[in-house]
Amino acid sequence: MDYSTYEKYNFDRSSAFNMSTGYKERSYQMHWHSYGEILLVGPGKTNIYKVGRSTYELVPNDFVLVWPMEMHAIIDADREKALVIQFSNAFINSLFDLRRIMHMYCNLHVVCCCTHPELAAKLKTITDRMKEIFFSNRLDREIRCCMLLMEFMLTLFDYRKELAPELNEEKHDYSSDVMRRMIIVTDYIKNNLTADDLSQGAMAEMAGISKDYFSRIFKNVTGMNYSKWLNTIRLEKASELLVQDGRTLTEVAMLSGFQSIPSFNRVFREEKGMAPGEYRALFVGSRE
């Protein structure tokens, strides 16, 4: 199967770089996506983030690094003044050196200003420049921010000896082609939740690899098995639809890829601790 026909480039429509701040909520559920994120931790005594199976209690001006396809969540943190930088995986993969750096640092998820003060200070200077340019009205802001993103990655590379002790965890050295195939498949799923066949076997065939190898890669990359991840993505879509007006619970379930209302209710309650209707009522009540 020619898996390239399923490629979906769906990062902020057409951008390689995005930046945001000012979120009121202090938490965000476990999720993942094909683009990467850099988070500059905001002020406050409590800033708890989770990437994969690891939980980090951080201080202001620490950095959180979330590489493409990694599960992550904000447990409790200042999101109003924290800075979120998002970058397209397609942009990173377009340059061999950036792709090499990303694979080199695939197990690095935090840069703490207490343990790496010089590095953190340099990265902070770069992100401050990004912020100034991105929120300006410059017509060339995207390319300038991408140049600064490359500088950010190169700065990490310059400090590879200092960071070496933190990179000695178990690594899964998959080729860039295999990772590309996995990203194509996961992007396809997120854009086609109502497709007839999203079974693990069908997705392995789309990726052009065996079902067993696909299963092993998937578990190593996401920290969960395929069926668990698929339900997580469906719940993410359902949660988005539930807070919008005009759709019945049945429509929400079907559009999210659930085959029946009972299975939708069961999975939703297991993960959210409440029924879909109760979840919707929380948001409806908050708008009144």
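Mind telling me which of the residues Val267, Val284 ends up being aliphatic (A, V, I, L, M), modelled with pLDDT of 85 or more and either out of contact with any His (no Cβ under 6 Å at 6 or more places or on another chain) or surrounded by 18 or more Cβ atoms within 10 Å (Cβ to Cβ) (or both)?
Of the residues listed, the single one that is aliphatic (A, V, I, L, M), modelled with pLDDT of 85 or more and either out of contact with any His (no Cβ under 6 Å at 6 or more places or on another chain) or surrounded by 18 or more Cβ atoms within 10 Å (Cβ to Cβ) (or both) is Val267.
Residues that are at pLDDT 90 or above and closer than 21 Å to Leu108 by Cβ: which helices (runs of 4 or more DSSP H) entirely in region 152-215 hold 1 or more of them?
Where helices (runs of 4 or more DSSP H) fall fully within region 152-215 and carry at least 1 residues being at pLDDT 90 or above and closer than 21 Å to Leu108 by Cβ, they are 160-163.
What tally of residues in region 184-211 results from selecting those that are of a type in the set (Val, Ile, Thr) and open to solvent by 20 Å² or more (accessible area, probe 1.4 Å)?
2
Just to be sure I understand, how many residues within region 84-101 are of a type in the set (A, V, I, L, M, F, W, C) and within 15 Å of the chain's Cα centre (by Cα)?
5
Test of understanding: among Ser20, Ser54, which residue is of a type in the set (Ser, Thr, Tyr), at pLDDT 90 or above and open to solvent by less than 30 Å² (accessible area, probe 1.4 Å)? I'd like the intermediate steps shown before the answer.
Working: Ser54 fails: open to solvent by less than 30 Å² (accessible area, probe 1.4 Å).
Residue meeting the stated conditions: Ser20.
How about region 226-236: which of its residues are farther than 12 Å from Met71 by Cβ and either among the aromatic types (Phe, Trp, Tyr) or not in a helix (DSSP H, G or I) (or both)?
Tyr226, the sole residue that qualifies.
Could you grab the pairs with beta carbons closer than 7 Å, sequence gap of 6+ or different chains, first residue in region 113-135 and open to solvent by 60 Å² or more (accessible area, probe 1.4 Å), second one not aliphatic (A, V, I, L, M)?
From region 113-135, the pairs are Lys122/Thr155.
Please enumerate the residues belonging to region 64-82 that are assigned to a strand (DSSP E or B) and either open to solvent by 20 Å² or more (accessible area, probe 1.4 Å) or in contact with a helix residue (DSSP H, G or I) (Cβ under 6 Å, 6 or more places away or on another chain) (or both). Working first, answer last.
To start, the set of residues in region 64-82 that are assigned to a strand (DSSP E or B) comprises 64-66, 72-76.
Residues satisfying the conditions are Ile74, Ile75, Asp76.
Report, by residue number, each residue of region 220-264 that is open to solvent by 30 Å² or more (accessible area, probe 1.4 Å), of a type in the set (A, V, I, L, M) and without any contact (Cβ under 8 Å) to a residue 60 or more places away in the chain.
Selection gives Val243, Leu249, Ile261.
Evaluate the following for Glu118: is it closer than 16 Å to Met19 by Cα, assigned to a helix (DSSP H, G or I) and over 22 Å from the mean Cα position of the chain (by Cα)?
Spelling it out, it is not the case that Glu118 is closer than 16 Å to Met19 by Cα, assigned to a helix (DSSP H, G or I) and over 22 Å from the mean Cα position of the chain (by Cα).
The values are calculated or read from the model by the stated rules, or taken from the named source; none is laboratory data. What you see is a predicted model, and the numbers here were worked out from it, not measured in a lab. All Cβ positions, even for glycine, are placed from backbone atoms using ideal geometry, and neighbour counts span all protein chains on display. Note: accessible area is taken over every heavy atom of the protein model, side chains too, but ligands, DNA and RNA are not part of it. Shrake-Rupley method; radii C 1.70, N 1.55, O 1.52, S 1.80 Å.
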